[in-house]
Amino acid sequence: MELILKDKKAVIFDMDGVLVDSEAIWKQAEYEVFSSLGVSVTEENSSYTQSMTTKEVTAFWHQKFPWKETPLSEVEEMVVRRVMELILLKDCATLGISAFIKNLKERNFKIGLATNAPEKIIPVVLKKTGTESLFDSVSSADYEEKGKPHPAIYLNTAKKLKVMPKECAVIEDSETGMEAAKKAGMSVIAYTNGNNSISLQWADYQIEGF
């Protein structure tokens, strides 16, 4: 890690899949909500929507299985609410993540969070992981015109942290997130958690755990 962070001033974390193991949680919430609206949720399409924002996922399923009664914004809110409930219920905090971030803070790195997830989920995850006081900046794609793989969220997080993009290292677990960070001009650390199927084409380094 010393070599990876040489000449860096900030470390920016993705949230879902990095701070919390939440892939199954999102799948469960989306399955429950969309199935209740008559959507035939398949594993293939769920894999396709995995890297989308909640707004994009809702629009995706509505296009395939148009429901009439419930507005898309309300459906999106239903998914988010269920995800928040499941995060609080399940043992999903990534092993060692809090101590890892504390160590970086003690070494005077600025710490950022950049996620495609809705902003209202962020406090729930920070509480779950015990990292509420550790982040200097948190950013949600709620406030970006485009989510990852567009680099905007990472560029804006660097601005908030008052560092240059090249001074940032990003820890990501998804191909779209790594692509966003790389296009922002940052060093990319792939967090694999032992998953050998993760694409590393955008990664400069990889770590299996914290």
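Find the relative contact order for the chain and round it to a whole percent, using C-alpha pairs within less than 8 Å whose residues are 6+ positions apart. Mind dumping the intermediate values first?
Values: 339 pairs, mean separation 51.4, N = 210.
It comes to 24 percent, rounded to a whole number.
Which whole-number value in Å² is the accessible area per residue of the chain, probe 1.4 Å? It would help to have the intermediate numbers written out before the result.
Numbers: 10670 Å² over 210 residues.
Result: 51 Å² per residue.
Can you find, among 41, 87, 24, the residue farthest towards the positive end of the dipole of the chain? Put +1 on the C-beta of Lys and Arg, -1 on that of Asp and Glu.
87
Loop only per DSSP, at most 13 neighbouring Cβ atoms within 10 Å: give me the GluC sites (Glu not before Pro) in region 1-104, ordered by residue number.
On the way: sites: 2, 23, 30, 32, 43, 44, 56, 69, 74, 76, 77, 85; in loops: 2, 69.
Hits after loop and neighbour filter: 2, 69.
Antiparallel versus total DSSP beta bridges in the chain: what percent is that, nearest 5? Before the final figure, lay out each step's value.
Values: 1 of 21 bridges.
Looking only at bridges with both residues in the chain, the antiparallel portion is about 5 percent.
Can you classify region 83-162 as rounded, prolate or oblate using the Cα gyration tensor, where a ≥ b ≥ c are the square roots of its eigenvalues, rounded means a/c under 1.5, and otherwise it's prolate if a/b beats b/c and oblate if not?
Details: a/c = 2.34, a/b = 1.11, b/c = 2.11.
Taking the square roots of the gyration eigenvalues as a ≥ b ≥ c, region 83-162 is oblate.
Rounded to the nearest 20 debye, what is the charge dipole size of region 125-192 about its Cα centre when +1 sits on each Lys and Arg Cβ and -1 on each Asp and Glu Cβ?
Details: 10 positive and 10 negative charges, 36 e Å.
Dipole of region 125-192, to the nearest 20 debye: 180 debye.
Measuring from centroid to centroid over Cα atoms, what is the spacing of region 28-60 and region 148-210 in Å?
25
Given the options 102, 64, 128, state which has the largest fluctuation in a GNM of the chain using a 10 Å cut-off (strictly under) for Cα springs.
Maximum fluctuation in the GNM of the chain, among the listed residues, is at 64.
Say each of residue 162 and residue 88 gets a label point 7 Å from the Cα, pointing the same way as Cα to Cβ; how far apart are those two points in nm?
Label-label distance for residue 162 and residue 88, simple model: 3.6 nm.
With Cβ to Cβ distances under 11 Å as the rule, what net charge do the other residues near residue 93 carry (K, R +1; D, E -1)?
Values: positive: 90, 127, 128; negative: 21, 91.
Net of charged neighbours comes to +1.
Just checking my list (1) 33, 21, 17; (2) 30, 17, 16; (3) 29, 23, 13 against semi-axes √(5λ) of the Cα gyration tensor in Å computed from this structure; which label fits?
(2)
Enter the mean projected area of the convex hull around the alpha-carbon atoms of region 22-126, in nm², rounded to one decimal. Walk me through the numbers before you get to the answer.
Working: hull surface 29.2 nm².
Computed as one quarter of the Cα hull surface, the answer is 7.3 nm².
Could you work out [θ]222 nm for the chain from helices alone, using -39500 (n - 2.57) per DSSP H run of at least four and dividing by all its residues? Round to the nearest 500 deg cm²/dmol. Don't skip to the answer; put the middle values down first.
Values: 8 runs with 87 residues, N = 210.
Counting only the DSSP helices, I get -12500 deg cm²/dmol.
From the protein chains alone at 1.4 Å, what is the descending order of accessible area for 91, 173, largest first? Can you show the working numbers first?
On the way: 91 150, 173 40 Å².
Ranking 91, 173 by accessible area, largest first, yields 91, 173.
Could you give the length gained on full extension between residue 28 and residue 207, defined as 0.36 nm per residue of separation minus the Cα-Cα distance, in nm?
61.7 nm
Longer than 23 Å from Cα to Cα, which of 8/160; 105/162; 8/90; 27/148; 9/127 are they? Say none if no pair is.
On the way: 8/160 16 Å; 105/162 16 Å; 8/90 34 Å; 27/148 19 Å; 9/127 25 Å.
Long pairs (Cα-Cα over 23 Å): 8/90; 9/127.
Tally up the carbon and sulfur contribution to the accessible surface of the chain as a whole percent, 1.4 Å probe, everything protein left in place.
On the way: 5240 of 10670 Å².
The value for the chain is 49 percent carbon and sulfur by accessible area.
Taking the Cα centre of the chain as origin, work out the dipole magnitude from +1 charges on Lys and Arg Cβ and -1 charges on Asp and Glu Cβ, in debye rounded to 20.
Working: 25 positive and 31 negative charges, 161 e Å.
Taking the Cα centre of the chain as origin, the dipole is about 780 debye.
The values are calculated or read from the model by the stated rules, or taken from the named source; none is laboratory data. None of the values given here were measured: they were computed from a predicted structure. As a convention, Cβ positions derive from the backbone with ideal geometry for all residues, glycine included, and neighbour counts pool all protein chains shown. We work out accessible area using only protein heavy atoms, side chains counted, and drop any ligands, DNA or RNA first. Shrake-Rupley method; radii C 1.70, N 1.55, O 1.52, S 1.80 Å.
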